[in-house]
């Protein structure tokens with residue numbers, strides 16, 4: 001019908017996105033319990049912590065203990081988020097973490113300042129320094145990301161041309177360091193995207209850079225998460241970040257109220273029902289969402305965890321027939 | 001980009017869908033307060049109550065008082081839901097209600113039994129009797145609906161062919177009574193639809209009956225509501241039922257947990273941001289959602305009410321620039 005992929009790769013970011021914003025406190029044991037449950041769902045990749053300044057993100061103060069405490073499933077790739085040399089060193093110190101560098105550009109100077117406390121020039125200098133550091137440590141840099149790619153609460157609408165231009169800048173930066181970027185993630189950090197702007201943004205980048213894989217990092221703050229994911233699927237996007245139970249949000253995005261990421265089990269449900277493989281066992285992911293809800297101690301935005309899978313209903317109906 | 005309509009018609013069903021399922025009790029005054037707020041949003045149509053057996057739907061025991069108590073906005077069409085002659089008479093007794101008959105078929109015998117307590121033959125006999133009654137009273141019958149058109153918790157998957165066949169049966173019934181059906185609503189009563197099944201279902205009906213307007217009645221139980229609406233828009237669907245704040249759900253659908261309808265303000269947000277007119281003032285609808293939350297006394301599923309509109313942010317940024 002459309003250009004839907006046959007197989008979708010989901011990067012589970014619930015622990016990192018969720019624990020960075022939850023008022024908590026959430027015990028280290030509970031964090032590990034959720035990550036261990038996620039490890040058994042069939043998901044290929046879990047971003048488990050971020051190594052950031054605990055003064056700015058108190059929920060990540062125990063990041064090292066969490067990262068060291070998980071029960072490692074060899075089928076899962078575990079990663080951490082980090083933004084500077086200190087964070088890189090912390091990540092490298094954990095043997096079972098897959099450590100990669102990422103080139104992240106921000107179209108919004110205002111967000112760059114509020115989120116990382118940097119001017120664009122300072123940010124660029126940091127990127128070059130970090131790439132040098134990565135090369136020195138033998139850390140691969142194959143991915144890139146454009147934050148607030150569809151709009152920014154501090155800057156307003158982001159034109160498609162800006163996203164295409166930043167993609168070009170990313171490739172230039174990489175070329176100067178003899179690196180090849182395989183994937184660029186368009187992040188709807190502030191939930192400005194609609195299905196049509198996803199189509200336009202992804203379409204423009206794919207048209208200009210057809211060999212680049214485009215992935216999507218979506219937030220559900222305005223209820224567009226799954227619809228935007230569908231629009232991405234229609235454009236052939238096969239890689240998505242998602243958060244179990246719809247945990248998450250950006251602590252610096254100036255949002256009030258619940259503002260989670262696109263929900264993993266809802267995304268898996270949609271893919272599965274549309275015949276797209278994810279490798280994830282939906283019932284196991286629903287169980288992980290139940291644990292997530294227990295761990296954060298309040299209701300979560302995810303829907304399939306409450307509504308249930310259709311597979312379970314079909315099984316019951318078949319058994320009764 | 002796709003076959004998106006320029007203008008979308010939204011039938012607000014929050015009061016009817018919401019009050020029929022909320023555990024309550026919600027005072028008659030509060031119900032009226034919400035309906036009056038909705039009347040000022042620019043929405044063209046509000047389904048305000050259902051005239052049903054109060055033993056089966058206690059939340060509708062005060063339906064007549066609610067219907068009589070609202071402040072009528074002459075720009076708004078108000079309607080009620082009813083299923084039998086008694087309900088029809090109750091609706092006709094309220095002068096400001098727009099009363100129309102509707103032919104509703106159910107692909108699922110199991111749901112028909114649990115929802116209306118009828119066999120398919122009994123249901124058909126009731127339809128013929130009601131049409132006769134409508135004609136006698138001068139009540140128009142221009143609309144039809146197919147319930148659980150994408151799947152049913154009691155029956156399982158509903159094949160597209162069944163939906164096309166039922167559409168044909170509806171037109172046959174209408175023809176026998178010299179009626180012309182203008183719109184058939186495909187209802188995802190139990191939230192089985194995905195964007196792809198919406199495309200298939202709508203596409204099949206439109207291909208077979210190109211002159212028929214297809215509308216969608218969507219539930220968000222599994223988080224697909226807005227994505228399904230987008231898929232409908234892509235197929236040229238321009239008429240949707242929706243519920244302020246995402247209120248609603250079917251009391252007989254055997255769902256646990258929150259199970260609302262597609263949320264009006266989220267749908268308006270998506271349309272507005274994609275350049276599709278709704279005639280609805282998003283800020284006023286967000287305010288109505290706030291009242292809805294207050295009236296039901298618990299958190300509601302709608303997102304834009306929490307995340308806020310982008311228009312408000314753009315205005316603030318423009319003022320600061």
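Laboratory data are not the source of any read-out in this text; all were calculated from the coordinates shown. Here the structure is a predicted model, which means the values were calculated and not measured. Note: ideal-geometry Cβ built from the backbone for every residue, glycine included; neighbour counts use all protein chains shown.
State the antiparallel share, in %, of DSSP beta bridges confined to chain A, rounding to the nearest 5.
Working: 2 of 33 bridges.
About 5 percent, rounded to the nearest 5.
So how far apart, in nm, are the two label points at residue A:204 and residue B:165 if each is 7 Å from Cα heading toward Cβ?
If labels sit at residue A:204 and residue B:165, their model points lie 4.9 nm apart.
Anyone know which of B:297, B:307, B:101 comes out most mobile in the 10 Å Cα GNM of chain B?
Largest GNM mean-square fluctuation: B:307.
Please work out the Cα center distance from the stretch B:41-56 to the stretch A:272-321, rounded to the nearest Å.
What the calculation gives is 32 Å, centre to centre.
Between the stretch A:62-125 and the stretch B:159-235, how many Å separate their Cα centres?
After rounding, the separation between the Cα centres reads 47 Å.
Multiply the residue gap between residue B:89 and residue B:137 by 0.36 nm, knock off their C-alpha separation, and tell me the result in nm, one decimal place.
Working: separation 48, 0.36 × 48 = 17.28 nm, distance 0.95 nm.
Fully extending the segment from residue B:89 to residue B:137 adds 16.3 nm.
So for the stretch A:183-321, averaging the separation of alpha carbon pairs under 8 Å that are six or more residues apart and normalising by length, what relative contact order in percent results? Intermediate values should be presented prior to the final figure.
Numbers: 205 pairs, mean separation 28.8, N = 139.
Contact order relative to length: 21 percent.
Under a 10 Å cutoff between Cα atoms, tell me which one of A:111, A:240, A:19 has the largest fluctuation in the Gaussian network model of chain A.
Greatest mean-square fluctuation among the candidates belongs to A:111.
Could you sort A:266-273, B:200-207, A:142-149 so that the peptide with the highest average Cβ count within 10 Å comes first and the rest follow in order? It would help to have the intermediate numbers written out before the result.
Working: A:266-273: 25.9, B:200-207: 18.8, A:142-149: 24.0.
For the peptides A:266-273, B:200-207, A:142-149, the packing ranking is A:266-273, A:142-149, B:200-207.
Using only atoms on other chains, find how many Cβ atoms lie within 10 Å of each Cβ of peptide B:192-200 and report the average. Spell out each step's value before the answer.
On the way: counts 3, 1, 10, 14, 11, 2, 0, 4, 1.
Mean inter-chain Cβ contacts per residue within 10 Å come to 5.
Identify the residue of chain A whose Cβ lies closest to the rotation axis that maps chain A onto chain B, and give that distance in whole Å.
Residue of A nearest the axis onto B, distance in Å: A:227, 2.
Build a GNM of chain A with springs between Cα atoms under 10 Å: which of A:288, A:61, A:242 gets the top mean-square fluctuation?
Maximum fluctuation in the GNM of chain A, among the listed residues, is at A:61.
Determine the shape class of the stretch A:1-126: with a ≥ b ≥ c the square roots of the Cα gyration tensor eigenvalues, call it rounded for a/c under 1.5, and otherwise prolate if a/b is greater than b/c, oblate otherwise.
It comes out oblate by the Cα gyration axes.
By count of other Cβ within 10 Å, fewest leading, how are A:220, B:241 ordered? Write down the numbers at each step before the final one.
Details: A:220 31, B:241 27.
Going from sparsest to densest Cβ surroundings: B:241, A:220.
Using Cα pairs closer than 8 Å and at least 6 residues apart in sequence, work out the relative contact order for the stretch B:9-320, in percent.
On the way: 590 pairs, mean separation 59.1, N = 312.
Relative contact order here is 19 percent.
Defining a contact as two alpha carbons under 8 Å apart and six or more residues distant in sequence, what relative contact order in percent does the stretch B:15-163 show?
Working: 205 pairs, mean separation 29.2, N = 149.
Taking the mean separation of contacting Cα pairs over the length of the stretch B:15-163, I get 20 percent.
List the distances, in nm to one decimal, from the label point of residue A:28 to the label points of the same position in every other copy, shortest first, placing each label point 7 Å from Cα along the Cα-to-Cβ direction.
6.2
Based on the mean of other beta carbon atoms within 10 Å per residue, what is the order of A:27-34, A:170-177, most packed first? Display every interim value, and only then the final one.
On the way: A:27-34: 18.9, A:170-177: 15.2.
Order by mean packing, descending: A:27-34, A:170-177.
Along Cα→Cβ at 7 Å, what distances in nm separate the residue A:100 label point from those on the other copies, shortest first?
Copy-to-copy label distances at residue A:100, shortest first: 5.3 nm.
Got the residue B:287 label distances to the other copies yet, label 7 Å along Cα→Cβ, in nm, shortest first?
Ordered by increasing distance: 4.9 nm.
Given only helices, namely DSSP H runs of n ≥ 4 each adding -39500 (n - 2.57), what is the per-residue ellipticity at 222 nm of chain B, to the nearest 500 deg cm²/dmol? Intermediate results must be reported in sequence, preceding the final value.
Working: 12 runs with 134 residues, N = 321.
Helix contribution divided over all residues of chain B: -12500 deg cm²/dmol.
Calculated FRET efficiency, residue B:119 and residue B:177, Cβ-Cβ r, R0 30 Å, to nearest 0.05? If you can, show how the numbers build up before the last one.
Values: r = 22 Å, r/R0 = 0.72.
Result of the calculation: an efficiency of 0.90.
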